[in-house]
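K.L.:
Below you'll find the structure I mean.
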Amino acid sequence: MRRPGSGKDRLVVLASLGAGALLWELGTRRLSPAVAAPFSSTMSRLWEMTVSGELPTTLIGSLVLFAVGLGIAVVAALPLGLLLARLPAVRIALSDYIAIGNAMPMVALIPFILSLFGLDFGAKVLVVFLFAFFPVLYNTVEGARSIGPELVEVARSFRSSEWALFRDVLIPAAFPYAMTGVRQAIGRALVGMVAAEFFLSASGIGQLLLVSARNFDTAGLFAAVLVINILGVALMGLGRALHDRFPVWRGTGR
Amino acid sequence: MPAGLAAVPAASAPYRPLQKRLAASPLALKLAGGVFVLGAWEIVVRLTAPAYVAKPSRILVALPGVLASPPVLAAAGITLSAVAQGLFIALVAGVLVGLLVGSVPLAERALSLYVNGLYAMPMVAIVPLLTIWFGYTSAARLATIVFASFFPIAMNVADGARSVPREHLEVARAYRARPHQIWFGITLPSSLPYLIAGIRLAVGRALVGAVVAEFVISVDGLGFYILFQSRTFHHNEALVAVILLAFFAVVVDAGIDWIVRSRLRWYRAGEKTA
């Protein structure tokens with residue numbers, strides 16, 4: 001992707017945004033407002049929701065859910081992945097099942113979570129956790145797989161302590177992969193957040209989407225979609241920055 | 001087992017670490033892993049959860065009946081054909097837009113912002129809007145699938161088109177190749193690895209999109225089957241459907257792998273994932 005670096009590029013981006021807004025405005029003017037709201041009314045609705053405090057409150061509620069779920073997932077998956085790096089036999093035994101967990105469409109499990117754990121905050125955190133846990137674990141284990149066993153053997157034969165082995169061999173090699181996992185987990189946790197807010201008790205930005213769709217408040221719906229889109233872009237940017245800080249080649253991988 | 005792994009062996013005997021001996025038979029290891037995972041699941045559910053909660057032994061009992069029952073087969077057929085249709089539309093549209101964005105500088109500047117931006121959006125969020133546009137019908141599901149799978153394909157194809165070696169394009173132009181010849185003769189084949197990586201991402205997202213859409217709009221399909229069965233406390237049956245879904249994801253992935261390995265060996269090196 002081209003980075004908006006120079007002034008000219010920034011100008012093009014601005015022009016493209018302006019053209020998009022103009023097209024949006026002109027294209028929807030003649031449609032019924034229940035089908036598609038023009039740019040201007042979406043913006044005024046957005047402003048209304050921001051000033052009334054509705055939007056900030058829902059956004060904070062959603063972000064807390066996102067952060068708690070993702071945080072627990074990372075804190076749980078990273079050490080587990082590193083532990084598996086140290087125990088190759090266990091890693092081989094479990095890696096296929098971790099890959100299945102990673103490929104699993106987690107939304108399909110939401111009805112089970114609903115009937116087992118109810119629909120309160122804890123259950124929603126569990127949903128976000130499930131979405132985010134496996135990408136981190138899977139990628140950390142991938143990183144662990146890239147560590148040649150001879151590295152560990154050499155370290156052991158030099159009487160490396162367990163702690164030094166982790167600090168100097170395992171963590172540096174697996175960490176960049178783990179960051180790839182965190183990047184993927186950010187995207188999935190965002191999906192999990194919205195899905196949890198849709199299908200468990202409605203709350204946050206998910207509720208805003210559902211309620212405005214039900215009321216045919218298209219301006220409100222567009223505003224909510226826009227907000228979540230900006231949120232997505234910002235979080236993806238964060239994930240990419242995290243990922244780029246730890247390039248894979250830096251480790252001891254092949 | 002961990003204790004045995006960590007033990008430093010005595011120096012005398014010819015030393016062959018336990019992990020090496022085990023690693024020599026990964027299949028046995030993997031089976032042991034499976035037994036462990038399923039066993040833990042079974043025991044935890046038996047000890048802590050109410051009787052209706054799914055557990056491996058009951059799933060196994062339910063499996064043949066569910067897989068042979070016409071409603072499940074019909075539901076699977078409906079969902080899968082919707083996914084296939086949606087993927088096809090997304091593939092055609094995504095390849096065209098991706099080629100445009102990746103090889104025409106003006107289009108890149110105008111569109112890449114939107115393609116990248118919409119790619120980052122959780123596609124679940126768009127479902128309420130699609131229910132307004134398409135009603136609570138299967139068309140809304142199809143639209144969700146298309147929306148979910150279009151962006152990974154378009155983005156990856158654009159990346160691929162951008163990475164075409166410049167000399168190839170120059171030679172083609174020197175021989176007065178027409179734009180469509182360049183696009184489909186050079187740019188598309190050379191961005192195939194990216195396209196395949198994009199399709200991989202798209203398949204997973206399409207399945208998720210289909211399930212989410214069925215949850216929201218309650219049209220028949222595997223997702224709705226899961227919802228209905230788990231609401232009526234038939235967790236084992238519902239979980240069979242989940243397994244079926246995951247199975248499709250795995251089969252498609254393996255299929256793509258097989259095609260890549262048997263037909264397209266030449267490009268493995270350039271493959272880009274996620």
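K.L.:
Out of A:ALA132, A:ALA103, report the one residue that is at pLDDT below 90 and within 18 Å of the chain's Cα centre (by Cα).
P.N.:
Going through A:ALA132, A:ALA103 in turn, the sole match is A:ALA103.
K.L.:
Another one. Would you mention how many residues in the range B:134-170 are under 24 Å from A:PRO105 (Cβ atoms) and within 9 Å of another protein chain (Cβ to nearest Cβ)?
P.N.:
Counting residues in the range B:134-170 that are under 24 Å from A:PRO105 (Cβ atoms) and within 9 Å of another protein chain (Cβ to nearest Cβ) gives 1.
K.L.:
If A:LEU137 passes every condition in (1) crowded, with 21+ Cβ neighbours inside 10 Å; (2) within 13 Å of chain B (Cβ to nearest Cβ) but one, which one does it miss?
P.N.:
(2)
K.L.:
Restricting the range A:46-67 to residues that are away from chain B (no Cβ under 14 Å) and surrounded by 17 or more Cβ atoms within 10 Å (Cβ to Cβ), which is farthest from A:PHE216 (Cα to Cα)?
P.N.:
Within the range A:46-67, the match that is farthest from A:PHE216 (Cα to Cα) is A:GLY61.
K.L.:
Could you go through the range B:191-204 and let me know if any residue there is surrounded by fewer than 22 Cβ atoms within 10 Å (Cβ to Cβ) and of a type in the set (S, T, N, Q).
P.N.:
No, the range B:191-204 contains no residue that is surrounded by fewer than 22 Cβ atoms within 10 Å (Cβ to Cβ) and of a type in the set (S, T, N, Q).
K.L.:
What number of residues within the range A:213-237 satisfy the criterion of being under 11 Å from A:THR58 (Cβ atoms) and at the interface with chain B (Cβ under 9 Å from one of its Cβ atoms)?
P.N.:
2
K.L.:
Tell me, which helices (runs of 4 or more DSSP H) wholly within the range A:45-121 include 3 or more residues that are over 19 Å from A:VAL194 (Cα atoms) and either touching a helix residue (DSSP H, G or I) at 6+ places or on another chain (Cβ under 7 Å) or not polar (S, T, N, Q) (or both)?
P.N.:
The qualifying helices (runs of 4 or more DSSP H) are A:54-86, A:88-103.
K.L.:
Give the range A:140-155 a look and list any residue that's of a type in the set (Val, Ile, Thr), buried (at least 16 other Cβ atoms within 10 Å of the Cβ) and part of a helix (DSSP H, G or I), or say none.
P.N.:
Answer for the range A:140-155, where residues must be of a type in the set (Val, Ile, Thr), buried (at least 16 other Cβ atoms within 10 Å of the Cβ) and part of a helix (DSSP H, G or I): A:THR140, A:VAL141, A:VAL152.
K.L.:
Across the range A:79-99, what is the number of residues that are facing chain B (nearest Cβ under 8 Å) and surrounded by fewer than 17 Cβ atoms within 10 Å (Cβ to Cβ)?
P.N.:
Looking only at that region, the number is 2.
K.L.:
A:LEU130 - would you say it is under 27 Å from B:LEU245 (Cα atoms), not in a helix (DSSP H, G or I) and not β-branched (Val, Ile, Thr)?
P.N.:
So A:LEU130 does not fit the description; no.
K.L.:
Hey, another quick one. When the range A:211-243 is examined, which residues are found to be in contact (Cβ under 8 Å) with a residue 40 or more places away in the chain and more than 17 Å from A:GLU54 (Cα to Cα)?
P.N.:
Correct list: A:PHE216, A:GLY232, A:LEU235, A:MET236, A:LEU238, A:GLY239, A:ARG240, A:LEU242, A:HIS243.
K.L.:
Let me confirm something: among B:ALA110, B:ALA32, B:ALA75, which residue is touching a Phe, Trp or Tyr at 6+ places or on another chain (Cβ under 8 Å) and either in the same structural domain as B:VAL157 (by TED's automatic domain parsing) or assigned to a helix (DSSP H, G or I) (or both)?
P.N.:
B:ALA75
K.L.:
Same structure, new question: Does the range B:175-182 include one or more residues that are among the charged types (D, E, K, R) and either at pLDDT 85 or above or not assigned by TED's automatic domain parsing to the domain that holds B:ILE89 (or both)?
P.N.:
Yes - at least one qualifying residue is present in the range B:175-182.
K.L.:
Anything in the range B:113-127 that is assigned to a helix (DSSP H, G or I) and under 20 Å from B:GLY160 (Cβ atoms)? List them, or say none.
P.N.:
Passing the criteria: B:LEU113, B:TYR114, B:VAL115, B:ASN116, B:GLY117, B:LEU118, B:TYR119.
K.L.:
If you check every pair at least six apart or on different chains, which have Cβ atoms under 6 Å apart with a residue in the range B:229-253 that is within 11 Å of A:SER115 (Cα to Cα) and within 7 Å of chain A (Cβ to nearest Cβ) first and a residue that is outside any helix (DSSP H, G or I) and modelled with pLDDT of 90 or more second?
P.N.:
Listed by first residue and then by second, the contacts come to nothing, as the list is empty.
K.L.:
Now for a separate question. Considering A:LEU209, A:LEU242, which residue is of a type in the set (A, V, I, L, M, F, W, C) and modelled with pLDDT under 90?
P.N.:
After applying the criteria, what remains is A:LEU242.
K.L.:
Can you name the condition, by its number, that A:PHE216 falls short on among (1) surrounded by fewer than 21 Cβ atoms within 10 Å (Cβ to Cβ); (2) part of a helix (DSSP H, G or I); (3) of a type in the set (A, V, I, L, M, F, W, C)?
P.N.:
(2)
K.L.:
Whether any residue in the range B:173-180 is among the hydroxyl-bearing types (Ser, Thr, Tyr) and buried (at least 21 other Cβ atoms within 10 Å of the Cβ) is what I want to check.
P.N.:
Among the residues of the range B:173-180, not one is among the hydroxyl-bearing types (Ser, Thr, Tyr) and buried (at least 21 other Cβ atoms within 10 Å of the Cβ), which makes the answer no.
K.L.:
Let me ask you something else. So, of the residues in the range A:161-181 that are more than 12 Å from every other protein chain (Cβ to nearest Cβ) and either touching a Pro at 6+ places or on another chain (Cβ under 9 Å) or without any contact (Cβ under 8 Å) to a residue 60 or more places away in the chain (or both), which turns out to be surrounded by the most Cβ atoms within 10 Å (Cβ to Cβ)?
P.N.:
Only one residue tops the list, namely A:PRO176.
K.L.:
Evaluate the following for A:GLN207: is it touching an Asp or Glu at 6+ places or on another chain (Cβ under 7 Å) and of a type outside the set (D, E, K, R)?
P.N.:
It is true that A:GLN207 is touching an Asp or Glu at 6+ places or on another chain (Cβ under 7 Å) and of a type outside the set (D, E, K, R).
K.L.:
Still on this model: Just for the range B:98-117: of the residues that are buried (at least 18 other Cβ atoms within 10 Å of the Cβ) and of a type in the set (Ser, Thr, Tyr), which one is farthest from the other protein chains (Cβ to nearest Cβ)?
P.N.:
If we take residues in the range B:98-117 being buried (at least 18 other Cβ atoms within 10 Å of the Cβ) and of a type in the set (Ser, Thr, Tyr), then B:SER103 is farthest from the other protein chains (Cβ to nearest Cβ).
K.L.:
I need the helices (runs of 4 or more DSSP H) fully contained in the range B:134-227, keeping only those with at least 3 residues that are without any contact (Cβ under 8 Å) to a residue 40 or more places away in the chain and not aromatic (Phe, Trp, Tyr).
P.N.:
Result: B:166-174, B:179-182.
K.L.:
Determine whether B:VAL95 is surrounded by fewer than 13 Cβ atoms within 10 Å (Cβ to Cβ) and either part of a loop (DSSP other than H, G, I, E, B) or in contact (Cβ under 8 Å) with a residue 24 or more places away in the chain (or both).
P.N.:
no
The values are calculated or read from the model by the stated rules, or taken from the named source; none is laboratory data. Just so you know, these numbers come straight off a predicted model, no measurement behind them. Every residue, glycine among them, receives a Cβ derived from its backbone with ideal geometry; neighbour counts consider all protein chains shown.
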